[in-house]
Amino acid sequence: MSATGFHELEGAPPKAMNARIEGDLMEVSMGPQHPSTHGVFRMNVALDGEVVRKLKPVFGYLHRNHEKIGENTSYLGSMPYTDRLDYFCSMTNNWAYALSVEKLAGIEVPERAEYLRVILAELTRLQNHVSLLGFLLSDMGAWGTPLMYAFREREKILDLFESLSGSRMMCDYMRFGGCRVDAGPDWFARAQKIIDAFPRFLDEFEELIVSNEILIARTQNVGKLSAELAINAGITGPMLRASGVNYDLRKVDGYGIYPRFKFRIPLGDHGDCYDRLMLRALEMRESLGILNQAMKEIPAGPIMNPKVKVRAFKPPIGEAYGRIEGPKGELGFYLISDGGASPYRYRVRPPSFINLTVLEDLCLGHTVADVMVILGSVDIVMGEVDR
Amino acid sequence: MQSLDEIKARAEAAVPGAKIEIVPNPGPANQPSLLLDHEHAGAVALFLRDDPALKLDHCSNVTGVDWLDRKVSKKVKVKKVVDGAEKEVEESQEEFFPGYLEAVYHLFSMTLKHGPVVIRMRTADRAQGAQLPSLTPVWRSAEFQEREIFDLYGIKFDGHPDLRRILMWDEFEDFPMRKDYREPDDYEYEPTPHDEVLEKAKQHYTPRPQLDGAENLTAAQQ
Amino acid sequence: MIGTGVLKGMAVTARNFLGSYFEKDRLITVQYPEERETLPENYRNFPFLVYDNDPEAGLRCVACKICEKECPPQCIYIVKSDDKKPDYMGKPQFYPKIFDIDISVCMSCQICVEVCPFEAIKMDKVFELSRRERFDALLLRKDELAKSNTYYHGIHPLEAAEVDANLAAAAAAKKKPAPAPAVPKT
C-alpha cells in the first residue's frame, strides 16, 4: 500500500491521483459509510481547503458478480436477480431483460402485455424520480420533510406493485413473451385514482422546491455538464437530456408500443444540478400523460405468448443487445446464447455506473458540500453500479 | 443507416491497411458485428465516430467475452488401406480452436439516431497476449467499462489512462468472469461459518473454537 | 423578493401537517403491530407445500425435483422416497422423504410455484418470521412447510379456487379412458 492509501497494481500505469499530489492537498475518503452516497460508494477526494481538486470514485463494495450468476442460472432464473440490480426500478429492469431475451429468441409479446409493461414502467419512472427528488433534497440538508412527502407518494405506487406482482420492490413481474399475472378492473381503478391524484402532489412539491432560494443557490451553476462531454462519455437518461441532448430511447428506438403515445421530451439548457432536478419533475408530468393514454387504450386479451415454454427455455444460438429507457438512463442487456439453458454471456449495461464516468469532471472546482448535490443529481443506485 | 458491408468498405478505404472482418450473428436478433485488427482499431473507431454519414458518437456498451479453447471432434471419412484392400473408414478428427478474449463495443449515434453497430476485437490468446488497444481516447464512456473488463477478464488495454481494478479489490489476483475461474475455498466468508463453508475455511485458517460452531451453541440454548 | 420561496415552502409544509389530520391521502402510515393493513391477494413471501387431508400422506408434492432445479438461489433441498405411496387421488406416487427450504436464502421469486406441474408448492403470506438463530431455525423442514388446502384457500381465495377447479378437471379427465398425463420432463 502506498503512502496515500492507494494500492499499486503490478503492471498498472501510475494512478492519476497519487502521481500528482503536490502542495498541501488533503485527501479525504468520502464514504463508503455515508448517508448521502446512496449506498456503499466511496470517493477519494483531494481537497484544497474546501475545494475539490481531484476525485476518484471507488466501487465494488456491493459487487456480487451479478453477470456470473446470470451465466450460471437459467434464463428464467435471472429474472428475479434483475430486480436486485436497481432495486428502485425492478419493473424496468425486468422489461429490459425480457426485451433482450425476446430479441434473442424472436418472441412476440401480446398487445395487452405491452400495455401493462408501459403502465408499470411509467409508474416505476414516477416513483424513481419522486424518491430521487426527495433524496436529493435530503442530501442538501432538507432532512426528512421532502423525502417524507416523496416516500408517501412512492408508497402508493409500491402498494400498486404489491397488489399486482406480490412484492413491493422485488416485483419479478415480467416474463419472456408477456407478463406473469393480469391486472383486474379493481387494480386499474386504484391505479387511475393514484394517477389522477399525482399532479396535485407534483404541484405542491414544485411549490416546495422550485423557487426556494436555498435550493437555487445550492444547485444552479453547480456541476455543469456540456452536451459534447455528455455524449462522448455515454451519459444517458435524464442527465443527458438536462444537458440539452434530445435522446430518449422511447422515441429513438420506439421499443414496445411507445410510438403510439403522445409525449414530449423535456430538455435542459444549462446541464447543471438544477436542470437535472427540474427535468425529472417535468418528465414525471409526461409520464402521467403516457399513463393516462395507456389506461384508456388498454385492450383485453392474453398477457402471455402461449408459445414460450416456462420450463427448459432455450433460445437459438446468437447474440442480442436490447435496451430500454430506464428511469436512470439506458439500461441494456447483452446476451450471447450458445443454445443452452443458460446464457453464455450475460451482460448488464448499467446506466448509473456509466453516468458516474463524468463525476470527477462535474465536481472539480466545487466545494465538498457540492459533491453530495452533484452525486445526488446523477441518480445512482449501488445495486446497479457494483452489480 | 448504411449496411455493415458498406461501412466495412468505407472504413477500409478511409483507414489504409485496416483489416476488418464481418462476424455473422445467426440468431433472430440479427446484429452482426465488425471484427477490427489491433493495429488500426483506434483509427477505424475514430472514423466511425467522426464520419458524417455514421456519427457513431455514443459508445453504449463495452464488454468482454471469454471464449475457451475448443476441441471439436468431427467424423471424417478417410480412405485407408485395411488388410490390403482400400476401404472407407470413419475416423474422428479433432479440430482445435485456440481460445481468446474478446471486447465487444455497441455503438449508436445520438446525432443521427441510428444503430447499433457492433465492433469487436480479439486478443491473441488468453494469457500473455491478452492485450487490446484501448478505445477510451475515442469514447470516454469506455473508461470504466474497459477497466471493468480488465478487472473481470484480464484484458490489458494499451493507452487506457487509468487502468486498475474497479470492482474487485486491488490485491485480488484472478479474473472472476473467465469461464475457467474457480473460486477460492474460503470464498463464502462468514463470521460464523458452518457446514461446507466451515470445512473449506478450516483448510485456510487456524481453528477458532470460540467461533466455530457458535451456531450450534445458540441452537442448543433454545 | 428574497425569502418568498422559502415562505412558500413553509406554507406547503403547514398544509401537509394540518392536512394529515383530515385527509387519508396525506397520512398513509398505520400503527403496526396494533393496526395492520390487509395483505393483497397476490402478496407472496416464502413457499409452502399444500396438502389435502393429511399433512403427511396428502402432500401433493411427488418429489419430481423440478423446483429444486429451477430455484435461482438453490434454496430447496429434496430427497426422493424409495417407495411409492398413494397420493391424494389414490395413485401411487413418489413422495419427498426430505423437503427443506432455507428461507434465509430464498428470495421469494415464486419461480418454484410457476414451474410446479402438480400445484404442490404455493407462496405463503406469513412475514413475521424473526428467529433467535440464523441457520437451523430458518431452515424449514417438510412438517413446517406442509400447510392444508384450507389454509391456502384462506390466504389466496381466488387463486386457490382456480387451482381446485383445474385439479378437479384434470381428475375428471383422468377417469375417462384417456392416456395418463404425461410425466413432465425433468
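The values are calculated or read from the model by the stated rules, or taken from the named source; none is laboratory data. Please read these numbers as outputs of a predicted model, since none were measured by experiment. Note that each Cβ is placed from the backbone with ideal geometry, even for glycine, and that neighbours are counted across all protein chains shown.
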Strands (runs of 3 or more DSSP E) lying entirely in region C:1-105 (those with 1 or more residues that are within 12 Å of chain A (Cβ to nearest Cβ), over 16 Å from C:LYS122 (Cα atoms) and charged (D, E, K, R)): none
Region A:294-338: number of residues that are away from chain B (no Cβ under 14 Å), free of Cβ contacts under 8 Å to residues at least 40 places away in the same chain and either surrounded by 24 or more Cβ atoms within 10 Å (Cβ to Cβ) or charged (D, E, K, R) (or both): 3
Matching residues in region B:1-35 - criterion: being more than 17 Å from A:TYR321 (Cα to Cα), under 23 Å from the mean Cα position of the chain (by Cα) and in a loop (DSSP other than H, G, I, E, B): B:ALA18, B:LYS19
Flag if C:THR13 is without any contact (Cβ under 8 Å) to a residue 24 or more places away in the chain, closer than 30 Å to A:LEU160 by Cβ and in contact with a Ser or Thr (Cβ under 7 Å, 6 or more places away or on another chain): yes
Any hit, region C:161-177, residues being assigned to a loop (DSSP other than H, G, I, E, B) and surrounded by 14 or more Cβ atoms within 10 Å (Cβ to Cβ): no
Condition broken by B:GLU12, with the remaining ones in (1) more than 14 Å from chain A (Cβ to nearest Cβ); (2) surrounded by 12 or more Cβ atoms within 10 Å (Cβ to Cβ); (3) touching a residue at least 12 places away in the same chain (Cβ under 8 Å) satisfied: (3)
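Yes/no per residue for (1) under 24 Å from the mean Cα position of the chain (by Cα); (2) surrounded by 13 or more Cβ atoms within 10 Å (Cβ to Cβ):
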site: C:LYS8; (1), (2): no, yes
site: C:PHE22; (1), (2): no, no
site: C:ILE28; (1), (2): no, yes
site: C:ASN45; (1), (2): yes, yes
Answer residue from region B:52-109, given it is touching a Gly at 6+ places or on another chain (Cβ under 8 Å) and farther than 23 Å from B:ARG122 by Cβ and is nearest to the other protein chains (Cβ to nearest Cβ) among those: B:HIS58
Test: residue in region B:76-94 that is closer than 19 Å to A:SER337 by Cα and among the charged types (D, E, K, R): no
Close pairs (6 angstrom Cβ cut-off, 6 or more residues apart or separate chains): within 11 Å of chain B (Cβ to nearest Cβ) and in a strand (DSSP E or B) in region A:55-75, surrounded by fewer than 19 Cβ atoms within 10 Å (Cβ to Cβ) and of a type in the set (D, E, K, R) anywhere: A:VAL58/A:ARG42
C:ARG60 being under 25 Å from A:SER90 (Cβ atoms) and surrounded by 17 or more Cβ atoms within 10 Å (Cβ to Cβ): no
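Out of A:ASN44, A:ASN94, which single residue is modelled with pLDDT of 90 or more and in contact with a strand residue (DSSP E or B) (Cβ under 9 Å, 6 or more places away or on another chain)?
The conditions single out A:ASN94.
Looking for whichever is assigned to a loop (DSSP other than H, G, I, E, B), without any contact (Cβ under 8 Å) to a residue 12 or more places away in the chain and closer than 28 Å to A:LEU225 by Cβ here; the options are A:GLY271, A:GLY254, A:GLY244. Which one fits?
Numbers: A:GLY271 fails: without any contact (Cβ under 8 Å) to a residue 12 or more places away in the chain; A:GLY244 fails: without any contact (Cβ under 8 Å) to a residue 12 or more places away in the chain.
Checking each option against the conditions leaves just A:GLY254.
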Matching residues in region C:45-100 - criterion: being aliphatic (A, V, I, L, M) and over 18 Å from A:ARG311 (Cβ atoms): C:LEU49, C:VAL50, C:ALA57, C:LEU59, C:VAL79, C:MET89, C:ILE98
Which listed residue, of C:CYS67, C:CYS109, is touching a residue at least 40 places away in the same chain (Cβ under 8 Å), buried (at least 20 other Cβ atoms within 10 Å of the Cβ), in contact with a helix residue (DSSP H, G or I) (Cβ under 7 Å, 6 or more places away or on another chain) and within 20 Å of A:THR73 (Cα to Cα): C:CYS67
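If you take the residues in region C:106-128 that are assigned to a strand (DSSP E or B) and hydrophobic (A, V, I, L, M, F, W, C), which one is farthest from A:SER167 (Cα to Cα)?
Let us first name the residues in region C:106-128 that are assigned to a strand (DSSP E or B), namely C:121-123.
Among the residues that remain, those that are also hydrophobic (A, V, I, L, M, F, W, C) are: C:121, C:123.
On the way: C:ILE121: 18, C:MET123: 12 Å.
Ranking the candidates gives C:ILE121 first.
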Among residues of region A:342-356, those that are more than 18 Å from A:HIS63 (Cβ to Cβ) and of a type in the set (Ser, Thr, Tyr), counted: 2
Qualifying residue in region A:257-269 (condition: in contact with a helix residue (DSSP H, G or I) (Cβ under 7 Å, 6 or more places away or on another chain), under 30 Å from A:MET372 (Cβ atoms), crowded, with 21+ Cβ neighbours inside 10 Å and at pLDDT below 90): yes
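Mind checking which helices (runs of 4 or more DSSP H) fall wholly inside region A:185-240 and carry at least 3 residues that are within 14 Å of chain B (Cβ to nearest Cβ) and within 21 Å of the chain's Cα centre (by Cα)?
Working: elements: A:185-209, A:213-219, A:227-232.
Where helices (runs of 4 or more DSSP H) fall fully within region A:185-240 and carry at least 3 residues being within 14 Å of chain B (Cβ to nearest Cβ) and within 21 Å of the chain's Cα centre (by Cα), they are A:227-232.
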Residue in region A:137-153 that is closer than 28 Å to A:GLY256 by Cβ and in contact with a helix residue (DSSP H, G or I) (Cβ under 9 Å, 6 or more places away or on another chain) present: yes
Checking B:ALA18 against (1) touching a residue at least 40 places away in the same chain (Cβ under 8 Å); (2) within 26 Å of B:ARG140 (Cβ to Cβ), the condition it does not meet: (1)
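Hey, any hits in region B:29-47 for a residue that's surrounded by fewer than 14 Cβ atoms within 10 Å (Cβ to Cβ), modelled with pLDDT under 80 and within 14 Å of another protein chain (Cβ to nearest Cβ)?
Among the residues of region B:29-47, at least one is surrounded by fewer than 14 Cβ atoms within 10 Å (Cβ to Cβ), modelled with pLDDT under 80 and within 14 Å of another protein chain (Cβ to nearest Cβ), which makes the answer yes.
Going through B:GLU91, B:GLU171 one at a time, which residue ends up being of a type in the set (Asp, Glu) and in the same structural domain as B:VAL23 (by TED's automatic domain parsing)?
Working: B:GLU91 fails: in the same structural domain as B:VAL23 (by TED's automatic domain parsing).
B:GLU171 is the lone residue from the list that is of a type in the set (Asp, Glu) and in the same structural domain as B:VAL23 (by TED's automatic domain parsing).
Restricting attention to region B:139-167, report how many residues are of a type in the set (A, V, I, L, M, F, W, C) and not in a loop (DSSP other than H, G, I, E, B). Steps first, please.
Initial filter on region B:139-167 (of a type in the set (A, V, I, L, M, F, W, C)): B:139, B:142, B:144, B:149-150, B:152, B:155, B:157, B:163, B:166-167.
Now drop any that are not not in a loop (DSSP other than H, G, I, E, B), which leaves B:142, B:144, B:149-150, B:152, B:157.
Adding up the residues that qualify gives 6.
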Selection count, region B:110-130, where residues are within 12 Å of chain A (Cβ to nearest Cβ) and part of a strand (DSSP E or B): 6
In region B:36-52, the residues that are more than 10 Å from B:ALA11 (Cα to Cα) and assigned to a loop (DSSP other than H, G, I, E, B): B:ASP37, B:HIS38, B:GLU39, B:HIS40, B:PRO52
